[in-house]
Structures are given as structure tokens and as C-alpha cells.
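One structure is given below, encoded as C-alpha cells.
The values are calculated or read from the model by the stated rules, or taken from the named source; none is laboratory data. Everything quoted here is computed from the prediction, not taken from an experiment. Cβ: placed from backbone, ideal geometry, glycine included. Neighbour counts: every protein chain shown.
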Amino acid sequence: MDLAQAVAIIGMVMVHFREPVQDTTVGLAEVLYSLPRGRASILFVVLAAVAITLAATAGGRRRRELGLSLLGRSAVLLPLGLALQMQHDRVNVILHFYAVYLALAWLALHLPPRTLLVSAAGWMVLGPVTYLLTEIVMPQWFGAAARLGDPVGLVLRDVLLTGAYPVATWGGPLLFGVWLGRQDLWSATVRRRLVLAGSGVAILAWALSRVLERASGASTQGSAWWRLVLDDSHSEMPLWLVGSTASAVAVLGGCLWLAAAFPRAIQPLSAFGRLALTAYVLQLLLVALVPQVVIHPDVRVAAVSVLVFTVLVTLGATLWLRWFDYGPMEAVVRAPYRWLGGRARTTTSAAASPTERRDQGPGTGTEAIHQQTDEESLWTYHASSPSGSLASDKLAALSAALPLRQGSQVLDLTCGKR
């Protein structure tokens, strides 16, 4: 997803390219390097929810088309993620979880904003309680990740409750992302609030966890319920979910600000982000095939490895997009909709009367989709002000960090023409 997506991918690469060490001495370099752990994947989810919300329109037909497109992507991501997990013991693949996130985000589009916000907050509280209770009662359900070929029931249990990114807990950040996508992200004031509020809440969640842990002596208690006050990475506990979601909000606001202030400077990383799925799969393959080359225990060497990967992928993405419309993996996830959804849409369009086709044209309402061929209309956005136009600087600023320009991806899993 352009700049914000690139940040999310690079964060996950940092986690995967560092060999876990047992050294108890933690310096500043280690602290800074470990910041993306868990937070990068939450950012990934929040960005997807924001993008899906921006892709949705008030019209029922458009929302159904979006659902069909997301269903096609899920049909690819589910087996792809499970297959990639077969190659990994050290990395938890997120793609098959993503397949379910897309469906949940689409369903959440029908909810009013206040319901979304309350549901997200409740999910971040009740979800961890459910997760922890299940772990206490059925510990044998937790452990090995689901893989391609496992029974359907095991895969569902892994994705929904016991896996590394379970819907039971990650549904909260996802719903918040849908709510966030309905805010006025074009506003400089809103962008500033995203950075300040996101950073403040993230710090507050971290501090509150430390205070509660010390005050209750939680770490010395025998009960597992003390974990509810923790904010450890991937603990799936409330304060970690809140803090990680808040940090994702701050990163999004920062990306929007950077896009507005330095639109040309961020273009290379935007190209990286437009090939987000390809970059994600590539780093998984590197970790599986040549771990001795890319994974290092020393934080400085690991940082160099991440930098080399980032530079090479950025250069490759920039060159690739000069000749091709989509990245390799982005084209794969688009295939089902192009084959099935595109045909259905063409049939519907042909059956419509001239008046209906004229009424579906762009530029009506506050958010309209350009009429184009195939699924491009789902990903091609322009937002109109009440007067029918939007200042070009605001559109450029937002589209550099979110999928609002011609052919830019609506998800981190798709990319298109400039």
C-alpha cells in the first residue's frame, strides 16, 4: 500500500532477519530494532481495513463487486499462506489469516461508525480473555501452526482462535481500521492528530502495563490471568493490542504527512509498497532457502541485511513497474476476480440500460469510482469535495500513502498502473 505498506513490510523483514538471542543485556540498538515486532503485522492489518473502506461506496452493487473481488483474493491467499507455512518453523505466515480478515472487513462495512468503534474496543478486551481462557482450558490446541493438508477443523481453529494472528484478538484492530477509513484522512489536522494521538496512546499503554505489572506483582503470581496486564509482543493481550493499533495509527499519520511534504522523495519506497505481496513472499523464501545469508543474531549485521533487501527490492520494484502493470504475486491474487468477477461485471454492464449506465458514472457524491474496464474500477478512486473537485495537493498527499490514485492497490496484496 505505497509508503505505509512499505513500512509494514520492512518492519516484518526486520523481525524475520534477526535470529532470536538469549542475551539479557539490551542496548539502545536492540530496543530500536525490536520496535516493529508484532507492530508491523498489526499495521499491515489496519492498512488493509482502511483501504477496503476507501474502496467501498454507498451503492450496493459496488459493495457486492468489492466483496466478490475480496473473495477471489481470499481464495488465493488461504492455500498460499498454508503452503508457505509448510516451509517455515521460524516464521509465522500471515497470509491465510489475511484471507479471513478480508471477509470480516467487508462484512464490517455495513456497520455504522459508532458501532464499529465500540465493537473494536470490546473486541480488544473480550478477545484476549477468550484467547487466554482457551489456552488455560485447552492448552493442547496451541503450538504448531496449521499447514496445507491439515484437517479443515484444525485450520479453522488456528485462524480463528489459536494461531499466531487469530481473528479472536486481531479482529479488534481490523474493525478499528474500518472505522479509521471513514475519517477525513485528507485533512492536515486529522493527520496531525493521528500522529500525536497514536503515539500518545501507544506510550500510555506501555506505561500502564508496566505500572499494573509492578503494582500487582503479576509476574510472580502462579495464575495465568496476570498475563492480561502484559503488553509483550504477540501476547494477544488488551494493552498490547491497543498499543500496537495506536502505533499503526501514528505510522499512518506520519506516512500521510511525509507524502504531503516530500511527494517525490517517497516515490521509490512507494514502488516497494505497491509490490508488497511480492516482497513479503520473497523474504519468506529467502528465510527458508538461504537463512545463513539473511538471518543474523547481531543486530547491526541484521540491520545491514534488511537494508540490502530494502534497496534491492525498491530498485527491482521501480524497474518492474516501468514495464508491467502488476507485481508477480499481485497478478496471481487478482486472477480469480479477473476471470470470474470481470465476466459478471461485463454481463451486468451490458444488460444495463443507457440511463443506468449514465447514472453510474463518476463524479457523483462525495466518493465516486471511475468507470473502467475489468476490476480496475474497484481500485481506481477519486474523492470529490462538495463542489465536485478536490485540491490536487491533498489528493496527491493521501494517495501516496493510501490507494486512491489510478490503479494503485486497494490492498497490500494488489498493485496496478500509475
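The figures follow:
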item	result
Subset tally (residues that are under 24 Å from the mean Cα position of the chain (by Cα) and β-branched (Val, Ile, Thr)) for segment 139-160	2
Output for segment 197-227, where each listed residue is exposed (fewer than 12 other Cβ atoms within 10 Å of the Cβ) and at pLDDT 85 or above	VAL211
Close pairs from segment 188-217: first of a type in the set (Val, Ile, Thr), partner surrounded by 14 or more Cβ atoms within 10 Å (Cβ to Cβ), Cβ under 7 Å, at least 6 apart	VAL190/GLN183; VAL195/ALA250; VAL195/GLY253; VAL195/GLY254; VAL195/TRP257; VAL201/VAL242; VAL201/ALA246
Filter result (over 19 Å from the mean Cα position of the chain (by Cα) and among the acidic types (Asp, Glu)) within segment 309-337	ASP325
Only listed residue being surrounded by 19 or more Cβ atoms within 10 Å (Cβ to Cβ), at pLDDT below 90, assigned to a helix (DSSP H, G or I) and hydrophobic (A, V, I, L, M, F, W, C), chosen from LEU82, LEU78, LEU116, LEU66	LEU66
Candidate set from segment 91-113 (those that are aliphatic (A, V, I, L, M) and touching a Lys or Arg at 6+ places or on another chain (Cβ under 7 Å)); member that is surrounded by the fewest Cβ atoms within 10 Å (Cβ to Cβ)	LEU109
Segment 313-335 residues that are under 12 Å from GLN267 (Cα atoms), paired with ones that are part of a loop (DSSP other than H, G, I, E, B) (beta carbon under 7 Å, 6 or more apart)	ALA317/LEU275
The listed residue being of a type in the set (A, V, I, L, M) and buried (at least 23 other Cβ atoms within 10 Å of the Cβ), out of LEU185, LEU289, LEU230, LEU275	LEU275
Any hit, segment 89-112, residues being of a type in the set (S, T, N, Q), touching a residue at least 12 places away in the same chain (Cβ under 8 Å) and not in a loop (DSSP other than H, G, I, E, B)	no
Candidates ALA55, ALA48 - the one that is surrounded by 22 or more Cβ atoms within 10 Å (Cβ to Cβ) and modelled with pLDDT of 90 or more	ALA48
Segment 290-306 residues that are in contact (Cβ under 8 Å) with a residue 60 or more places away in the chain, paired with ones that are in a loop (DSSP other than H, G, I, E, B) and among the aromatic types (Phe, Trp, Tyr) (beta carbon under 8 Å, 6 or more apart)	VAL294/PHE17; ILE295/PHE17; HIS296/PHE17; ALA302/PHE17; SER305/PHE17; VAL306/PHE17
Close pairs (8 angstrom Cβ cut-off, 6 or more residues apart or separate chains): free of Cβ contacts under 8 Å to residues at least 40 places away in the same chain in segment 236-259, among the aromatic types (Phe, Trp, Tyr) anywhere	LEU239/TRP206
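Residues are listed down the side, and each one gets a yes or a no for (1) in contact with a Pro (Cβ under 6 Å, 6 or more places away or on another chain); (2) of a type in the set (Lys, Arg); (3) assigned to a helix (DSSP H, G or I); (4) over 22 Å from TRP179 (Cβ atoms):
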position	(1), (2), (3), (4)
LEU228	no, no, yes, yes
LEU241	no, no, yes, no
TRP257	no, no, yes, no
ALA265	no, no, no, yes
